[in-house]
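A.B. asks: One structure, as structure tokens, below. Some questions next.
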Amino acid sequence: MRLLLIYISIGLMLGLPQMQAQVLDSENSMALTLEDGTGVMLYGRATSLSDEASHEYYYLPTKLRLSKKQDGTPQFLFIKYASEQNGKASGAILHLLMEYGLSSEEEAELAELASKKDPLAKIKGVAQVAPADTNSVRIISATLSNSRTRRSLVFTGQAPTFPGNKIALAANLDAEAAQLLDASFQKTRSIADLSISLSYTYPLKFPAAKGYIIEDWSKVDSLDLFQKGMFTRTGSIERGWFHSSDNRAFTYDEMHELYDKMEENKVIDMRFEELVADERVEKIREMFFQYFLDSFADQDMDARPLTPSKKQKTDMPDIKHGVYFKFNRRFAENVIEKRKQVFNLNYSTTFRHSYQLTENLGTWYDAVRDNPKCVSVILLNDPTFLHRDVNIVLDGTIEEMLEKKELNSINIKLRKTRDAEDAYPFNEDLIVDSRYLGEKNEGSNRLSFTYSKARDSKPEVYEYKLKYSFKGGNTYIPDTAWTKGDWGMLEINPPIYPFNITFESSLEDMEAAEIRNVAIQLRYNKFGEEVETVVNIRTSKGEPFLEKTIFMDKNAKGYAYRLLFYHPEGIMATDWEARFSTGYVYANIPQELVQGDKSFKEELLTAGKAIRISRGDGKVVKEEDQISGDPRFADLFEK
């Protein structure tokens, strides 16, 4: 039951607790349009233990656009490099930074529009959202998705949670891709061949309906869910339908069809006391399907984008591109083993709702097409160009890691050896740190080196070495040998990336269970080793909501965690659990602790006695304390 309570806040059955975590009210919303055509969706703040609507409104992320430098120049670069030999482009470099959010003037306009519907309305800013998963930024482009014509592609894989935070995209294209993408920019078109889609979730309170939901998973294997071509099944009946070995992906409508069939056969049984049709019941039905979808399935971000169906558009009106889903077997099996569960719906319930923000580059390009700082052409055989520029693009996470003191610096060494015996080699040694980016490079994540191409038969070939210096004196060298670089673009990608953890609990429930402190103990891979971070919520501080940034390996699929309860009788510990897609964890206080269940307490206290916190740098050095060898977490700690 504990895993489900993290996803669905049934802990709110006794009314929404007074806490600083922002929850929005599904029955108090406005859809407004600004003068420039920007659509804005607002929700009122959910009120605790009251049916009275709040007048404090938050708007969902909107207005995805190109970022601008301090002088107003859009942060967009499209360099086409061409040859006069055939008059065609030899390739192109595309790089852009994006952000979302309304300006203060636009928020003032929004407040004026909202006051016409609610005279007491106050606009409190953008809603607190969380990335839908670890791949919450999607690049939708026929050109950039073609690995044959795309030499390289770098983009920020995590959607930003605050206005003004930037999303980076960089690509190096061959001649064919450069011409196709340029044609979609320049020619008469309704849309360019590049869209950016950000996927979020946000906590949304739904109204109460008197009743309950029963999940009876013992009935699953008695159903023939794969007949009539509804699903392709190659697994045996004995193993159960979640064990289908074809690992195929399902559309939104297919998932809904499966869910409806489970309702029809009483695997999921919803019972309400209302004797007439009530729109609240329909909201809860759809809300519970969303819980089922988010819990039992993962989005297949690698599959080609779909056109959303009418049903999907009705359920999620903001969606622009539909996705495929694959069953999360580990979570499904864990739930099905519990056989039967009951959800009480007599009180308001909060779910994390999905939201998608999508924009097409065609809406921005007209503002930059004639700006030579943004769009230009280089003739590779022009005699004027007697030098070669090494264009270096820093991953969008580097600036954040420097600001948070996780990364101290990056040492970039470049050299160019020449054919002529009496020609001096070119050498460049640069230390990139927060001071360099802020003062010398004016905050840009693009660097450039120039060397002479004279007296060399292969002027485009140079070599480089990288050395990362991280917090605590840790250094990382990808390769001790010199590596050949592409003069078109050199991409600097650190071996680790920042991942935001949001941790929340109820202070009232903690006090009722005599718990002074709730901690989340996190385990994940960093530099190929198992490390640990602990985050605490203390009743004495009165803060039920904390955020913590951890740094994981690039190939890390998630993290493991368990909860620690600090009680007068000792430290209590839950079992370890794996988390693959989200950084949000709600620490539900078990009712057994509130009610003083002695056997339950003893079980948690026994587990707590074995706790050993890792050493100061976070490394878990003792094998008996590591969980990376546990088969349950093999996917999390693979190197």
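The values are calculated or read from the model by the stated rules, or taken from the named source; none is laboratory data. All figures in this text were calculated on a predicted structure; none of them were measured in a lab. Using ideal geometry, Cβ is built from the backbone for each residue, glycine included, and neighbour counts are taken over all protein chains shown. SASA here: full protein model, heavy atoms, side chains in, ligands and nucleic acids out. Shrake-Rupley method; radii C 1.70, N 1.55, O 1.52, S 1.80 Å.
A.B. asks: Restricted to segment 127-156, and to residues that are open to solvent by 30 Å² or more (accessible area, probe 1.4 Å) and among the small types (Gly, Ala, Ser), which residue is modelled with the highest pLDDT?
C.D. replies: So, considering only residues that are open to solvent by 30 Å² or more (accessible area, probe 1.4 Å) and among the small types (Gly, Ala, Ser), the one modelled with the highest pLDDT is Ala142.
A.B. asks: Which residues, counting only those in segment 193-215, are in a loop (DSSP other than H, G, I, E, B) and modelled with pLDDT under 80?
C.D. replies: At the first step, the residues of segment 193-215 found to be in a loop (DSSP other than H, G, I, E, B) are 193-194, 207-210.
Listed by number, the residues that qualify are Pro207, Ala208, Ala209, Lys210.
A.B. asks: Quick one: what pairs do we get from segment 304-329, first residue touching a residue at least 40 places away in the same chain (Cβ under 8 Å), second loosely packed, with under 15 Cβ neighbours inside 10 Å and part of a loop (DSSP other than H, G, I, E, B), C-beta under 6 Å, 6+ apart or different chains?
C.D. replies: Tyr324/Ala303
A.B. asks: Return a yes/no flag: does segment 537-557 have any residue that is open to solvent by 20 Å² or more (accessible area, probe 1.4 Å), assigned to a strand (DSSP E or B) and polar (S, T, N, Q).
C.D. replies: Yes; the residues of segment 537-557 include at least one that is open to solvent by 20 Å² or more (accessible area, probe 1.4 Å), assigned to a strand (DSSP E or B) and polar (S, T, N, Q).
A.B. asks: Can Leu180 be described as within 30 Å of Phe580 (Cβ to Cβ) and either modelled with pLDDT under 85 or of a type in the set (Ser, Thr, Tyr) (or both)? Break it down stepwise before answering.
C.D. replies: On the way: within 30 Å of Phe580 (Cβ to Cβ): no; either modelled with pLDDT under 85 or of a type in the set (Ser, Thr, Tyr) (or both): yes.
When the stated conditions are applied, Leu180 does not pass them.
A.B. asks: Moving on. Only one of these is open to solvent by 30 Å² or more (accessible area, probe 1.4 Å), modelled with pLDDT of 80 or more, assigned to a loop (DSSP other than H, G, I, E, B) and out of contact with any Pro (no Cβ under 9 Å at 6 or more places or on another chain): Gly596, Gly616. Name it.
C.D. replies: Gly596
A.B. asks: One residue is enough: does segment 541-557 have a residue meeting the conditions out of contact with any His (no Cβ under 8 Å at 6 or more places or on another chain), more than 21 Å from Ile501 (Cβ to Cβ) and of a type outside the set (Phe, Trp, Tyr)?
C.D. replies: No; the residues of segment 541-557 include none that is out of contact with any His (no Cβ under 8 Å at 6 or more places or on another chain), more than 21 Å from Ile501 (Cβ to Cβ) and of a type outside the set (Phe, Trp, Tyr).
A.B. asks: Related question: Of everything in segment 471-519 that's farther than 30 Å from Lys601 by Cβ, at pLDDT 90 or above and in a loop (DSSP other than H, G, I, E, B), which residue is least open to solvent (accessible area, probe 1.4 Å)?
C.D. replies: Top of the filtered list is Pro494.
A.B. asks: Can you tell me how many residues in segment 452-462 are acidic (Asp, Glu) and open to solvent by less than 60 Å² (accessible area, probe 1.4 Å)?
C.D. replies: Residues in segment 452-462 being acidic (Asp, Glu) and open to solvent by less than 60 Å² (accessible area, probe 1.4 Å): 1 in total.
A.B. asks: Something else: Just to be sure I understand, how many residues within segment 564-588 are open to solvent by 20 Å² or more (accessible area, probe 1.4 Å), within 13 Å of Ile515 (Cβ to Cβ) and assigned to a loop (DSSP other than H, G, I, E, B)?
C.D. replies: Of the residues in segment 564-588, 3 are open to solvent by 20 Å² or more (accessible area, probe 1.4 Å), within 13 Å of Ile515 (Cβ to Cβ) and assigned to a loop (DSSP other than H, G, I, E, B).
A.B. asks: Next up: Of all the strands (runs of 3 or more DSSP E) wholly in segment 216-327, which have at least 3 residues that are within 30 Å of Thr62 (Cα to Cα), of a type outside the set (A, V, I, L, M, F, W, C) and at pLDDT below 70?
C.D. replies: none
A.B. asks: To continue, here is another question. With respect to Tyr561, determine if the residue is closer than 30 Å to Ser199 by Cβ, in contact with an Asp or Glu (Cβ under 8 Å, 6 or more places away or on another chain), free of Cβ contacts under 8 Å to residues at least 60 places away in the same chain and open to solvent by less than 30 Å² (accessible area, probe 1.4 Å).
C.D. replies: It is true that Tyr561 is closer than 30 Å to Ser199 by Cβ, in contact with an Asp or Glu (Cβ under 8 Å, 6 or more places away or on another chain), free of Cβ contacts under 8 Å to residues at least 60 places away in the same chain and open to solvent by less than 30 Å² (accessible area, probe 1.4 Å).
A.B. asks: Sticking with this one: Name every residue in segment 619-634 that is modelled with pLDDT under 85 and open to solvent by less than 60 Å² (accessible area, probe 1.4 Å), in order of residue number.
C.D. replies: Lys619, Val620, Asp625, Ser628, Ala634
A.B. asks: Here is a follow-up. Based on this model, can you work out whether Asn360 counts as out of contact with any helix residue (DSSP H, G or I) (no Cβ under 7 Å at 6 or more places or on another chain), at pLDDT 75 or above and not small (Gly, Ala, Ser)?
C.D. replies: Yes.
A.B. asks: Looking at the structure I just gave you, is Lys465 surrounded by fewer than 17 Cβ atoms within 10 Å (Cβ to Cβ) and of a type outside the set (Gly, Ala, Ser)?
C.D. replies: Considered against the rule, which asks whether it is surrounded by fewer than 17 Cβ atoms within 10 Å (Cβ to Cβ) and of a type outside the set (Gly, Ala, Ser), Lys465 comes out as no.
A.B. asks: Yes or no: segment 159-174 includes at least one residue that is open to solvent by 70 Å² or more (accessible area, probe 1.4 Å), small (Gly, Ala, Ser) and assigned to a loop (DSSP other than H, G, I, E, B).
C.D. replies: Among the residues of segment 159-174, not one is open to solvent by 70 Å² or more (accessible area, probe 1.4 Å), small (Gly, Ala, Ser) and assigned to a loop (DSSP other than H, G, I, E, B), which makes the answer no.
A.B. asks: When you scan segment 19-121 for strands (runs of 3 or more DSSP E) that lie fully inside it, which ones turn up with 1 or more residues that are open to solvent by less than 30 Å² (accessible area, probe 1.4 Å), modelled with pLDDT of 90 or more and among the charged types (D, E, K, R)?
C.D. replies: Passing ranges: none, list empty.
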